[in-house]
Amino acid sequence: MAFIRLLIVDNHTLFRQGLVSLLHSEPELEVIGEAASGEEALQLVPKLRPDVVLMDVKMPGIGGVEATRRLVERMPQTRILMLTVSEEEENLFAAIQAGARGYILKNADADELLEAISRVHAGEAMISPAMTFRLMKALRSGGVLAPPPELPLTSREQDVFDLLARGASNRQIAEALTITENTVKTHVRSILEKLELRNRSEVAAYARRLFS
């Protein structure tokens, strides 16, 4: 794991303290700041420039989703991992559409959290297994963000596009669509070429503009 500088955003002091204690034991991680609200996060991130922000969803005032949206707009390089008790699908979808790179539940074990931090820092996506199931269920039931017909994507590429926009990894997309990861990579390359985008982050930003 590369050295990673973290900012924790959560309105519960005891939870922040416990998280700091946990992360402090990891030599590759450094907690460089704490914020108790979305407002504080918006002030601290430009000053401290953390590699990864651990963001709660529900907070008084500016909530985590809105804070994420504003931070990503102002600082596109900011990588945000939602760390929350909320298992509501709408919060997951809203967070991913706002630009969060991951969504982990607070009942996750330490190894899952550390893996999520590492993957998000590396530019990958990470969604808690419990929430991944909900994401896949939504896709299968038709609760998707399929692009308008005028976009030059095949039906399968539209499925992949939707999951990319929600922050799913290649492995999660492969599991949801019952295809191989190599096939997913082929579809991703085709989507990027057709839409003239450079990477997965630009796909998510494109989707936010498309459906805002």
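All of the numbers you see were taken from the coordinates with simple rules; none came from a lab. Note that this is a predicted model, so its numbers are computed, not measured. All Cβ positions, even for glycine, are placed from backbone atoms using ideal geometry, and neighbour counts span all protein chains on display.
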Note the full-extension length gain between residue 28 and residue 180 as 0.36 nm times their separation in residues minus their Cα-Cα distance, in nm to one decimal. 51.4 nm
Report the local net charge at residue 167: Lys and Arg +1, Asp and Glu -1, summed over other residues whose C-beta lies under 9 Å from its C-beta. +3
What list do you get for 161, 93 if you sort them by fewest beta carbons within 10 Å? 93, 161
With a 10 Å Cβ neighbour count serving as the proxy for reagent exposure, in which order, fewest first, do 21, 201, 128 appear? 21, 201, 128
For region 4-128, just say rounded, prolate or oblate: build the C-alpha gyration tensor, square-root its eigenvalues into a ≥ b ≥ c, call rounded for a/c under 1.5, and beyond that prolate if a/b exceeds b/c, oblate if not. rounded
Using only the alpha-carbon atoms, how far is helix 64-74 inclined from the longest principal axis of the chain? Give it as 0 to 90 degrees, nearest 10. 80 degrees
Starting at the first residue of region 99-116, write each ³J(HN,Hα) from the Karplus equation 6.51 cos²θ - 1.76 cosθ + 1.60 with θ = phi - 60°, in whole Hz, x for Gly and Pro. x, 5, 8, x, 8, 10, 7, 5, 8, 5, 7, 4, 4, 5, 5, 5, 5, 4
Given labels modelled 7 Å from the Cα in the Cβ direction, how far is it in nm from residue 49 to residue 90? 3.8 nm
Quick one: helix 89-98 against the long Cα principal axis of the chain, what's the angle to the nearest 10°, folded into 0 to 90? 90 degrees
Relative exposure of 72, 65, judged by other C-beta atoms within 10 Å (fewest first): 72, 65
Go ahead and set up a Gaussian network model of the chain, Cα springs under 10 Å, then flag whichever of 176, 110, 41 fluctuates most. 110
